[in-house]
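Colleague: Have a look at this one.
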Amino acid sequence: MKHIKIILAEDQQLIREALVSLLNDQPDFIVTGQAGNGKELLDLMKRHEPDIVLLDIDMPVMNGCQSLEIIKKRFPKVKVIMLTLHTEYGFMNEFMTKGASAYLSKNIEIDLLFHAINSVYKNGAYFNDEVSNALLSGLRKEKSIHPFFDEQVLTPKELVILKALCDGMTNKVIAEVHHISINTVDFHRGNIYTKTKSKNIAELVKYAIRNELVSI
């Protein structure tokens with residue numbers, strides 16, 4: 001059975017070791033490394049590239065923001081889940097826009113963390129109500145500064161697939177629901193990202209909300 005490989009970056013040792021123990025107790029997960037700061041994390045990733053990184057924001061030497069930017073450049077296939085005490089909308093909007101696949105409070109129930117990890121691994125992202133509201137709040141602020149004038153550039157089929165992606169559906173599920181091949185979904189997905197100039201799912205969701213293609 002394939003395990004989801006996880007590296008945890010958290011500067012507080014007690015929290016880090018407790019999370020590692022809880023994660024390793026799950027049959028689907030295996031923690032392949034743990035780090036106390038961003039530099040240690042990046043060194044670990046050179047040797048053990050994980051599927052998912054659980055990343056704290058406030059760390060010495062190299063913080064979570066710096067680490068995320070480097071990870072997205074050097075390890076684009078690795079998904080990053082922010083796990084932090086900062087629950088302000090501004091933080092959520094910033095980190096999701098920079099490429100994080102999920103943004104979670106350290107105060108959540110452990111089962112929700114497990115659910116988020118599985119969702120990110122299967123679907124590429126996990127959005128709860130707080131994050132969705134943060135993205136929407138960020139859009140409202142941007143609109144107040146400079147309104148958007150996006151033209152409708154997507155085909156009807158691309159619009160259908162965009163909405164499915166925003167709902168968290170995988171390529172496989174989209175193919176099954178719409179009776180098309182996974183290769184066709186991949187083709188449309190690539191076009192959608194190119195046309196909307198989106199680098200990640202968070203930017204794609206923001207595009208969809210901004211153009212009133214989906215609602216929250």
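Please treat every number below as a calculation from the coordinates, not as lab data. From a predicted model like this one, the values you see are computed outputs, not experimental measurements. Heads up, the Cβs are rebuilt from the backbone with ideal geometry, glycines too, and the neighbour counts pull from every protein chain shown.
Colleague: When only Cα pairs under 8 Å and 6 or more residues apart are kept, what is the percent relative contact order across the chain?
Modeller: 15
Colleague: Shifting gears a bit: Can you spot the lysines whose alpha carbon is less than 27 Å from Lys197's alpha carbon? Ignore those fewer than 8 places along the same chain.
Modeller: Reachable lysines: Lys72, Lys73, Lys77, Lys79, Lys98, Lys122, Lys141, Lys143, Lys157, Lys163, Lys172, Lys206.
Colleague: Can I ask one more? Taking the beta-carbon count within 10 Å as an exposure proxy, list Ser21, Ser105 from fewest neighbours to most.
Modeller: Ser21, Ser105
Colleague: Hey, if you drop one equal point scatterer on each alpha-carbon of the chain and run the Debye formula without solvent, what base-10 log of I(q)/I(0) do you get at q = 0.15 Å⁻¹?
Modeller: -0.99
Colleague: Quick one: Glu109, Glu69, fewest Cβ neighbours within 10 Å first, how do they rank?
Modeller: Lowest to highest Cβ neighbour count: Glu109, Glu69.
Colleague: From the Cα gyration tensor of segment 150-210, with a ≥ b ≥ c the square roots of its eigenvalues, which class applies: rounded if a/c is under 1.5, or else prolate if a/b is larger than b/c, or else oblate?
Modeller: It is prolate, given that a/c is not under 1.5 and a/b is the larger ratio.
Colleague: Taking 7 Å along the Cα-to-C-beta vector as the label spot, tell me the Lys157-Lys77 distance in nanometres, rounded to one decimal.
Modeller: Going from the Lys157 label point to the Lys77 one covers 2.8 nm.
Colleague: If each residue's Cβ is checked for other Cβ atoms within 10 Å, how do Lys5, Lys46 rank with the fewest at the top?
Modeller: Neighbour counts put them in this order, fewest first: Lys46, Lys5.
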